[in-house]
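Each value in this text was obtained by applying a stated rule to the coordinates, not by laboratory testing. Everything quoted here is computed from the prediction, not taken from an experiment. Here Cβ is always computed from backbone atoms with ideal geometry, including for glycine, and neighbour counts include all displayed protein chains.
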Amino acid sequence: MVDLSPERIQELIDTYAIPWAINIGFALLIFIVGRIVVGVIVSTFIKLMGKSKYDPMLVNFLGSILRAVLMLVVIIASLNQLSVDTTSLVAIIGAAGLAIGLSLQDSLKNFAAGVMLLVFKPIRSGDFVDAGGTSGTVQNIGIFTTTLNTPDNKEVIVPNGRIYGDNITNYSAKETRRVDMVFGIGYDDDILKAKNILLELTEQDDRILKDPAPVVVVAELGDSSVNFAVRPWAKTADFWGVKFDFTEKVKLRFDEEGISIPFPQMDVHVHKNESE
């Protein structure tokens with residue numbers, strides 16, 4: 001028969017009810033206070049990262065991870081107050097994290113690469129780059145992928161792991177670029193005259209910088225032509241305009257001055273056998 005005497009009830013209250021009530025109260029207090037502290041820490045972290053001019057997407061993502069980790073610590077502390085053995089819980093969480101990490105290796109690789117791209121900024125939105133096997137203008141750098149817009153207006157989405165794990169050529173990183181061009185003339189043409197024409201054309205184009213000065217030199221005595229290397233400098237935004245316009249002007253001016261641009265050719269000598 002169950003003993004429900006006043007003395008027994010008082011003993012149960014003193015032994016179980018009051019201690020459990022106290023533990024539950026402290027656990028709730030730990031959870032509530034911990035949640036407030038986590039909110040303050042995460043808010044401060046986001047503000048500090050925002051002042052450092054990091055990408056807002058990266059800041060918010062890191063803030064979410066920090067909040068999740070700190071809240072997990074608060075929950076474990078609350079459970080400890082209730083005398084719950086959290087060793088098994090931590091082991092289960094660790095095993096689950098390992099399993100998820102192994103199954104999402106590529107995604108984690110892309111995430112890590114995305115973080116590095118957003119932190120160190122080797123490329124920025126609006127840059128024209130050659131990265132991940134694709135050339136195009138950077139439209140957006142995300143946590144897992146980067147979106148490029150090709151010159152013929154195609155959108156290409158490249159995993160960040162491919163971009164950060166390979167060479168990156170950023171054509172927009174510098175304010176100026178050298179325009180490398182080669183023009184060939186015939187062996188019978190006047191070399192000095194052709195050189196002066198090329199120098200004159202570089203002086204006439206306002207987009208070509210004076211410093212550093214353009215270089216016009218005889219670079220090679222080819223099989224069919226004498227090849228000039230023309231290397232002016234221009235602002236990065238003017239690179240293609242200078243290259244295309246200058247090539248057209250050279251052809252028109254050479255035609256006016258009677259300077260030939262020879263086709264590849266080969267001299268064939270036929271020797272007849274005397275006995276024949």
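Some values worked out for this structure:
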| read-out | value |
| --- | --- |
| Residue exposure sequence - W20, W233 - by fewest surrounding Cβ within 10 Å | W20, W233 |
| Sequence-distant residues sharing a close amide H with A219 (under 5 Å, placed H) | N227, F228, A229 |
| Relative contact order of segment 144-189, pairs being alpha-carbon contacts under 8 Å that are 6 or more residues apart, as % | 23 |
| Pairwise Lys count, segment 176-257 - Cα closer than 21 Å, eight or more residues apart or different chains | 12 |
| Cα-centre dipole for segment 192-276 with unit charges at Cβ (Lys and Arg positive, Asp and Glu negative), debye to 20 | 340 |
| Which of F31, F120 has the fewest Cβ neighbours within 10 Å, and the rest in rising order | F120, F31 |
| Residues V226, V33 arranged by fewest to most Cβ contacts within 10 Å | V33, V226 |
| For segment 122-170: relative contact order, % (alpha-carbon pairs under 8 angstrom, 6 or more apart) | 36 |
| Distance histogram for segment 176-257 (every C-alpha pair counted, 10 angstrom bins, percent rounded to whole numbers) | 18, 54, 25, 3 |
